[in-house]
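Since the structure comes first, as structure tokens, the remarks are kept for the end.
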Amino acid sequence: MPSLEKIDLVFEHFSLPENVNQLIVDCKAVSDEICARDSQHGSIPEFVPADGRTCWNLLNSLMQQSVSKREPVFCEWGSGLGLVTLIASAIGMDATGIEIEEELIDLAREFSQNHAIPASFIDASIYPRDNPIPSLDYKDVDIFFAYPWPNEIVQLTELFDQVAVSGAIFVCYHGGRNYRVWRR
């Protein structure tokens with residue numbers, strides 16, 4: 001595993017604005033519908049939604065304790081419905097989500113528009129070798145976020161170490177209130 005500095009983030013609770021609360025409710029309804037599908041009815045393999053309230057508190061805690069830039073550039077790897085990317089934007093980050101499932105990208109863009117929270121969503125692989133992303137240079141990203149499967153953690157941490165600049169942060173969310181935060 002790459003040599004990264006672990007950040008001991010203190011998880012705090014922050015008030016949830018109504019527009020973000022409604023976004024969380026709407027994303028949960030759609031994610032429940034997607035998770036209920038079977039393979040014959042358009043299931044999306046490996047789709048597991050993040051907990052919106054936990055991510056709201058996690059990203060706010062990060063902004064308060066570890067981010068010095070006024071408007072950091074945020075990139076979510078595997079952004080799904082765009083919930084975490086939109087939360088990052090609502091907090092004040094310049095947020096982009098990268099997702100390979102076209103249906104999820106379309107839904108994320110709809111959520112962005114319907115909730116008037118600006119964010120960019122890119123339909124691509126997160127790996128530059130697979131598909132260079134012309135509209136996003138990883139060297140400009142201050143905060144990377146991922147909600148990986150356990151077998152992807154090492155691979156994503158190595159990708160972060162390869163593409164991120166010194167000082168960039170990687171938030172590896174594991175569900176519930178389980179997460180790890182590293183600085184390169």
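Out of 32, 8, which single residue is loosely packed, with under 13 Cβ neighbours inside 10 Å and outside any loop (DSSP other than H, G, I, E, B)?
It is 32.
For residue 112, all conditions in the list (1) modelled with pLDDT under 95; (2) under 21 Å from residue 19 (Cβ atoms); (3) open to solvent by less than 70 Å² (accessible area, probe 1.4 Å) hold save one; what is the number of the exception?
Failing condition for residue 112: (1).
Could you pull out the residue among 170, 145 that is buried (at least 16 other Cβ atoms within 10 Å of the Cβ), at pLDDT 95 or above and closer than 16 Å to residue 99 by Cβ?
145
Restricting to region 95-109, and then to whatever is under 12 Å from the mean Cα position of the chain (by Cα) and open to solvent by 10 Å² or more (accessible area, probe 1.4 Å), can you tell me which residue is nearest to residue 142 (Cα to Cα)?
96
Test residue 60 against the stated conditions and say whether it is surrounded by 12 or more Cβ atoms within 10 Å (Cβ to Cβ), under 21 Å from residue 168 (Cβ atoms) and among the polar types (S, T, N, Q).
yes
For the structure I just gave you, tell me whether residue 107 is of a type outside the set (Asp, Glu) and at pLDDT 95 or above.
yes
The values are calculated or read from the model by the stated rules, or taken from the named source; none is laboratory data. What you see is a predicted model, and the numbers here were worked out from it, not measured in a lab. For neighbour counting, all protein chains shown are included, and Cβ atoms are generated from backbone atoms with ideal geometry for every residue, glycine included. For accessibility, only protein heavy atoms count, side chains too; no ligands or nucleic acids. Shrake-Rupley method; radii C 1.70, N 1.55, O 1.52, S 1.80 Å.
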